[in-house]
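Notes to accompany the following structure.
The values are calculated or read from the model by the stated rules, or taken from the named source; none is laboratory data. Everything numeric in this text was worked out from a predicted model, so none of it was measured. Cβ sites come from the backbone with ideal geometry, for glycine too, and all protein chains shown count toward neighbours. Side chains are part of the model used for accessible areas, which takes the heavy atoms of the whole protein and leaves out ligands, DNA and RNA. Shrake-Rupley method; radii C 1.70, N 1.55, O 1.52, S 1.80 Å.
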Amino acid sequence: MAEVSTNKVISKFYSLLEINLPFLSHISDELIEFNQDLLKRAKGQKVSTKYLKQKYSNSLDVIVEDTFNALFPVKKRLPKKDIGTYKSIIANAFLTLTENRYNSRFLNYFARHSALKDFINNFPMQELFEETLPIFVTGYTITSENSTKKVGLDPYSYRNYFTTKLLLETEKLLEKNPHLINTLKHVSFSYIQPNFYLSFLRNHDDLRLEDITSSLELLSSDLNSDYSDLEFVSSLNEEFKPLKKYSYKSYGPTYSSFAIELFDIDILKKRIKQDPLRYSQVMEKLGLKSLQELIEYAKKVANLSKRLLAFRTSTLIKNNFDYFAQKINEFDLAGIPLYVGKGSYVSDIMELVKKDFMNDFDKKISFFYIGGERGIFENVDIPLKGLSEDSSIRKLLGFISSLNTSHNYRIKTSKTIKTSSLDDYRIDFISSENYPFLLIEKEFKDLHPNIEDVFQSKLAESNLSLDEIYDFFKRFKVGIRRIEPSIVNLVNDSMVNTGLLNVSNARSSFQSLIKDKELILPSQIEGFFEKIVAKENVKGDFRLSLFSLPTNPKILKKYFKSEALNEIDGGCPINKYLSQDLDSLCNALNFKYSLGLDSKVLKQELESKIAELGTLVHTIISAPLNGLVHYNTLTRIGLPPEDSSKYCELPFVVDYDINHNDKRKKVKVSFHPDTLLFLKDKKQPRNLDIIILDTKTKSAHPYFEHKYLLQTYFYANSIAKLVEENLDYKVNDYYLVINRLAFFGKHYAENKDLVYFRQQTLSPVIRITRNDKFHKIANRILETSIDELLKLKEQPELFKFYKERSESKHYCDSCFLNHKQICTEIYTQITKLN
């Protein structure tokens, strides 16, 4: 990552927003796309201001609203008169980010966060944090032992005296107490500043401070292709060299520096009063009439800035709550330790985390100040050196030393969090000796049949060679396991978002939501297989799996307003037609236009090694194994030892009555979800919830993509329709989750020839309740999609219209390359005839 010159200080809210935008991306599809466009800029691709303004002209209000809601999860404490100003500040920030002139400033920080965010959200925390307890600190520090002037600096700047002082004092402590070297491994430092840094104290040949990027071994060849050509990735390890003692006496780069005025309004007040003329142009630009109005405006900017970092911090804590709780209990602490002064901007941010952003989270966590009630400045009248005060450093090292002796370092009135033991459900894996990308449950490694036996039988039926399969898994360092361990992880260790996109970032543990419910298999519902499961010879007119195509319509926030429902289209019907029945499409177009399309040749173009691999992976993971129980795996979560044919790949056909050509038409829709489970209400046994778990070969993401949400939703909704129509049950909630390959993560190797294959990971679970407005949106999408596909089948002349509509709506941008090529080829021939 190129050094940023000191005159480019992070001092504006729009800079702070851009840097941290990756951590906001999951709150809406629009923000996901906005991030992707900025990432293209970071990769050096030309993304013009005109393009961005046109693309987001209709959705900017939605983006602003979603961002505002995310930063103000508790609105009852917000004066209504201030809402307009806050939204205006956010809107102006996004407009600034679209400008080309702003392109070169902080995009390298944005790109760094884009990569780190994926690791943070997808990687096991005990390994990401290297089994350490994180201590939250600031980056506001003096620059040398003779200075009292404080600046905002990253921990790897040679001007950051706090980290240098920490290393010097730690070295002295180790000389007197060498046994404490192991205690240092227990802690890390998480910095509350514009850039996310996580640092570890390590002692190899000498004592040093190492960054998370070194521990993750970020190399461009190991990352998802989204990041592989970013210049900063290949040099990240080298440029974030460990900081060593006496570093402040050396000359070196400053990777990031920030203005404290972004967060601390008191400092800005002093500067305004000292030099009011300096701010006259700012007031004129903002349309403010007095210095007091400027101060009030600055207060709102500071509040937004603190809330943005509070949002990022709360996301980190919520996503990894169990890990934090485990470390807190391990060391018998009152909560997460803060190395800050009470009343500082960081203490304000942590208060926001606790009171606002953790307000509706189902688990509670506490923070406590190292040093006492006033934090690290307890008993210090004027802390001129801030974090680097001798007494403050001593308090920090005293706290770290106490971790080795289980010292009761806590506030008596606070409560420690208790978590359940992981031993009851934790599953360890080993690689198959013959096929190391196959992960076998350690306790069953010598038992057969296991996943290795399944693979051997399916490999004989596949067109793929063993070398092709092995090359894929070795390249991405991903492994696969049977579905049963994933089900165990889902039930015991998953977080759930209620609704499509929870902009308040409120999440609940799966365990807390199902505490009054019993997990059951479909076979435990009387009459399910006789009345619900389809017979083998029954076929549908339409496959619900077509909703996993990337050209399906996006679920926009505006659709939650009923008046916007009529704007919904069915995505691209051409892509569905190509995927479902290429022969019929070619015959219809040949008859209409005499094109001479050869469906056999086109089918060869549709063939894809990745698609074949995906089919094989699906089969190995969740193939129904008649009569073969997967040992006792599911008994860990209270399910009976049934074979997987009782919950995997069950076939269904459901009748939908849709509006087609102004008439009602009955359409048979077929589907077979990878995994189906139910939850039965203990108090009302006739009430059920549905769990759909679907496996995808694509790389892991920290958000649930709209196409997979649609597909799994329609699976659940169709099963609910069948159950309520044919059995005496009521279905309430749907739990939707994707089982994906873990393309992101830390790579291990005992020697150069050994590759560590990572386990699959689960996407965030989406819970759709019975009264969720999403039902109206999804059913409108389903009806419109079926209607448009039928129209295209009946009227092949609509091919040109749908192709041009898909181009204008950018569906073609996300289409499979081979599908897009065939579609374009057909469109070109039709256009020539006209």
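A few remarks follow.
- Cβ-derived FRET efficiency at R0 51 Å, Lys809 paired with Glu518, nearest 0.05: 0.70
- Helix axis angle, 80-97 relative to the chain longest principal axis, alpha carbon, degrees: 80 degrees
- The trypsin sites (Lys or Arg not before Pro) of the stretch 348-400 meeting both criteria, a DSSP state outside H, G, I, E and B (loop) and at most 13 other C-beta atoms within 10 angstrom of the site's C-beta, are Lys364.
- Distance (nanometres) between label positions extended 7 Å along Cα→Cβ at Val282 and Gln821: 5.6 nm
- Inter-label distance for Ser608 and Lys364, nm, one decimal - labels placed 7 Å from Cα along Cα-to-Cβ: 5.0 nm
- Only Lys, Arg, Asp and Glu carry charge here, each on its Cβ (+1 for the first two, -1 for the last two); on that basis the chain has a dipole of about 3140 debye about its Cα centre.
- For trypsin sites (Lys or Arg not before Pro), the sites in the stretch 509-541 that DSSP calls loop and that have at most 11 other Cβ atoms within 10 Å are Lys515, Lys535, Lys539.
- The residues of the stretch 514-660 present an accessible area of 46 Å² per residue when probed at 1.4 Å with all protein chains retained.
- Placing unit charges on each Cβ (+1 for Lys and Arg, -1 for Asp and Glu) gives the chain a dipole about its Cα centre, and among Tyr811, Leu727, Ala611 the Cα reaching farthest toward its positive end belongs to Tyr811.
- Column: log10 I(q)/I(0), Debye, Cα scatterers of the chain, q = 0.04, 0.08 Å⁻¹: -0.19, -0.78
- Computed FRET value (nearest 0.05) for Ser57 with Glu433, which takes r as the C-beta separation and R₀ as 60 Å: 0.55
- The distance between label points at Asn92 and Ser599 comes to 6.1 nm (points 7 Å beyond Cα on the Cα→Cβ vector).
- Here the peptides 556-566, 728-738, 462-472, 195-205 are ranked by packing, the mean other Cβ count within 10 Å, and the order with the highest first is 728-738, 195-205, 556-566, 462-472.
- Label-reachable residues, the stretch 764-796, where backbone N falls under 17 Å from a point 7 Å from Ser562's Cα toward its Cβ: 771-781
- Qualifying trypsin sites (Lys or Arg not before Pro) for the stretch 283-321 [loop in DSSP, other Cβ within 10 Å: at most 15]: Lys289
- Calculated FRET efficiency for the pair Lys76/Glu649, C-beta based, R₀ 45 Å, to 0.05: 0.40
- Degrees, to the nearest 10: 817-833 long Cα axis against longest axis of the chain: 60 degrees
- The chain, accessible surface, carbon-and-sulfur percent (1.4 angstrom probe): 47 percent
- Which of Tyr631, His706, Asn687, positive extreme of dipole for the stretch 597-713 (C-beta unit charges): Asn687
- With Cα atoms, 0 to 90° folded angle of helix 161-176 axis to the chain main axis: 80 degrees
- Linear extension gain, Lys270 paired with Ser465, 0.36 nm per residue minus alpha-carbon span: 63.1 nm
- Between Gln684 and Lys535, the contour length at 0.36 nm per residue exceeds the Cα-Cα span by 50.6 nm.
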